[in-house]
Amino acid sequence: MSLKEAAEKFQKFCSVFKEEADCFPVLFELKWPDGFRCPRCNHPLFYLISTRRIPLYECRSCHTQTSLIAGTIMEGSRTPLHRWFQAVFLHAQPRCVNARQLSEAIHVTYKTAWLICHKIRRAMAARESNRLLSGIVRVSDSVYCKRMVPSFDWHQQEQPLLIGASDASDGTPNTIVIKLQSKARLKDKYDCPDTAPFIRAHVHPDDVKNVIVTRKYGRDMNKKLVWMGYDVTWWIGRTFLGIGPKHLQAYLDQFCYYYNRGRSTLYVQLLADCIHSSRITYPELTKTADGSRSNRLTRAARQQSLKLG
């Protein structure tokens, strides 16, 4: 799809979801596909309170009030719902989107766009966390941001990976899991992170016996899995201009989320996953107690806004 076609597709989407109220029926259907259920007592009947920006649903039995965004990644957000829908739509496109591009597309600040991107990525990671590889499973080590070094020490930019895949009928990777590993010093080029914890966590117990472990070097190297480390490096570099180790796992989960799903229905899947994933706050994302990271990001957002303005 060309950039012009992608832009036209996005504009058409925006014309459908251009106000808050346009999003309510979709949110209701995805949140309660079998009809309203009170989150406290599971009662199916409610009173609609429509005096708020986002309607409240009051249970007729226990009178608990809940909203369409309670328990979702959008909970507590002041960003309009149609902006959230646009952000999810752009994340479901083949070219994806980074925070700078999102801030321009949906007209929010860079800091808000950064937070939205990470919340959507969090929903992807939560959905991938329950995935178990089955059937014939292959596991190999690989490297994110591979660099040539004269010793077995890790380069500062390199990050070790373990990649697992369930085979399709033709032997190609059908479903994948990619996990970041610790940068323990390697004994030699044939050494790799311990695969046992990875296999226990990400392979179905009935198929552990079917796991085939290979290395990124040697006669039995699985090129498709090893080169997937290069693929994810290229994708992160092209889309996000590189990522440090702090948030790298979230981007690896995002890559797997895309790989493991068909693009034709990705938007609906992603929106549903965002609705059924709990929110994460800015302090939790930045992991600071004193606000120092928040201040740095605020300065970065201000500088970005000056560039965009």
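Mind checking which of SER103, SER15, SER277 has the largest fluctuation in a GNM of the chain, springs on alpha carbons under 10 Å?
The residue that fluctuates most here is SER15.
Go ahead and collect, in residue order, the members of segment 116-132 whose backbone nitrogen is under 15 Å from a label point 7 Å along the Cα-Cβ direction of ASN98.
It comes to 117-118, nothing else.
Can you flag which of LYS183/LYS246; LYS111/LYS183; LYS146/LYS246; LYS179/LYS224; LYS119/LYS179 are past 22 Å Cα-Cα?
LYS111/LYS183
Within segment 92-124, what residues put their amide N at less than 12 Å from the label point 7 Å along the Cα-to-Cβ vector of ARG263?
92-96, by backbone N distance to the label point.
Explain nothing, just the number: dipole magnitude of segment 38-91 about its Cα centre with +1 on each Lys and Arg Cβ and -1 on each Asp and Glu Cβ, in debye rounded to the nearest 20.
The calculated dipole for segment 38-91 is roughly 120 debye.
When the dipole is taken about the Cα centre of segment 24-137, and only Lys, Arg (+1) and Asp, Glu (-1) are charged at their Cβ, what size is it in debye, to the nearest 20?
Dipole size: approximately 280 debye.
No value in this document is a laboratory result; all are computed from the given coordinates. Quick caveat: nothing in here was measured; it's all calculated off a predicted structure. Note that each Cβ is placed from the backbone with ideal geometry, even for glycine, and that neighbours are counted across all protein chains shown.
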